[in-house]
Amino acid sequence: LCSATHRPLSCPNMLQNTFLKLARRASTITGTGRGFLRKSVPAAATTKPKIDNSSFQPVEAKETFTIASEQLISKQMVQLLEKELDQGHSIDALKSFNGALSNLSKEEFGRKMGPVFAEMAHNLESFNPVFTACMLKVQMTLGQSDYERRDECLQSLIQPLGGEYGLCAGHPLLKTHRKLFLEWYQSTTGQPLSELKAPEPKASEQLFSKMMSDVTSGGGNEGVIAQASYALGYNLAVEYLAAYEKQWLLDSFRSLDEKFLKSQGRKVEWEFLEIHAEGEPEHADLGHKAVTSFVPSHHQNILGQAMRDHDKDFAKFYNKLANMLS
């Protein structure tokens with residue numbers, strides 16, 4: 001894991017770039033954003049975050065153990081399923097939300113963002129049990145899956161989860177991402193998160209319940225391998241869409257910083273947004289690798305089912321957040 005990004009050292013080139021960008025944060029983060037257009041979706045919301053999975057190839061186990069002889073799903077097939085997400089429901093919902101967010105006035109921000117921040121705080125933590133459930137589904141294939149493929153897959157799954165809690169090889173514990181969120185919230189609003197007065201985060205609670213139900217049931221598929229394949233597809237969709245989500249959120253808040261946060265004397269702690277904007281594409285790469293190291297080729301439909309399920313669930317959540325800002 002990288003001490004600068006809290007991220008796993010699994011993609012050295014990308015992480016080196018992340019480190020350099022964060023190290024230069026004081027001089028480069030000027031709040032200029034990425035060309036937001038008033039009364040329109042942010043310009044950045046028309047571009048795709050860079051996710052480089054070109055180096056990932058299906059793992060060929062050296063020792064036969066039950067399904068080791070089965071052909072694994074190809075990188076090309078996974079990329080086709082990922083392209084469906086590029087045109088999916090969640091992208092439209094994220095565009096709507098960020099368009100509304102970036103166009104808030106100072107008065108609207110103060111009046112409308114409380115419930116949205118409450119939803120974000122709950123949503124941030126809700127993914128960690130989902131990631132844990134996905135890992136468990138793979139672990140439960142013990143005795144029916146090849147151990148080398150299983151271990152390769154689990155290594156890819158566990159790295160992003162460890163980073164959420166500040167785990168960094170060779171270093172003392174770093175800040176958890178919840179702690180980074182707290183600092184970002186307080187620097188943006190001028191108030192401690194503990195004093196946030198907002199309704200219960202019902203939209204996030206509903207999404208959390210749906211995600212856990214989907215993953216723990218394996219999408220209704222039978223057999224531990226099929227359920228693990230579903231969980232891996234779900235995990236990939238979560239990470240893939242998060243690359244869009246966090247980059248556009250960073251862009252939106254940079255726009256708001258220029259519009260009124262700076263003039264209010266706010267000194268935004270950008271680390272939470274920067275780490276996620278830089279790190280989520282790397283997490284998507286790891287999710288892609290987990291899939292191509294474990295999922296049999298004949299589970300292509302199961303994989304697609306899982307990715308579409310999360311796309312619909314995530315879109316509902318962000319459409320609700322967009323409505324809060326309307």
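Evaluation of Ser187 against the conditions (1) assigned to a helix (DSSP H, G or I); (2) closer than 21 Å to Met140 by Cβ shows that the sole unmet condition is (2). The set of residues in segment 140-156 that are surrounded by fewer than 23 Cβ atoms within 10 Å (Cβ to Cβ) and within 22 Å of the chain's Cα centre (by Cα) comprises Glu152, Leu154, Gln155. Of all residues in segment 58-73, those that are at pLDDT 50 or above and either in a helix (DSSP H, G or I) or in contact with a helix residue (DSSP H, G or I) (Cβ under 7 Å, 6 or more places away or on another chain) (or both) total 6. Scanning segment 201-222 for residues that are part of a loop (DSSP other than H, G, I, E, B) and free of Cβ contacts under 8 Å to residues at least 60 places away in the same chain yields Ser217, Glu222. Run down Leu154, Leu174 and say which single residue is out of contact with any Lys or Arg (no Cβ under 6 Å at 6 or more places or on another chain) and either small (Gly, Ala, Ser) or in a helix (DSSP H, G or I) (or both). Result of the check over Leu154, Leu174: Leu154. The set of residues in segment 96-122 being within 16 Å of the chain's Cα centre (by Cα) and surrounded by fewer than 20 Cβ atoms within 10 Å (Cβ to Cβ) consists of Met120, Ala121, His122. Scanning segment 273-326 for residues that are within 19 Å of Glu125 (Cα to Cα) and among the aromatic types (Phe, Trp, Tyr) yields Phe314, Phe317, Tyr318.
The values are calculated or read from the model by the stated rules, or taken from the named source; none is laboratory data. Computed from a predicted structure; not experimentally measured. Because the Cβ atoms are built from the backbone with ideal geometry, glycine has one as well, and the counts that use them run over all protein chains shown.
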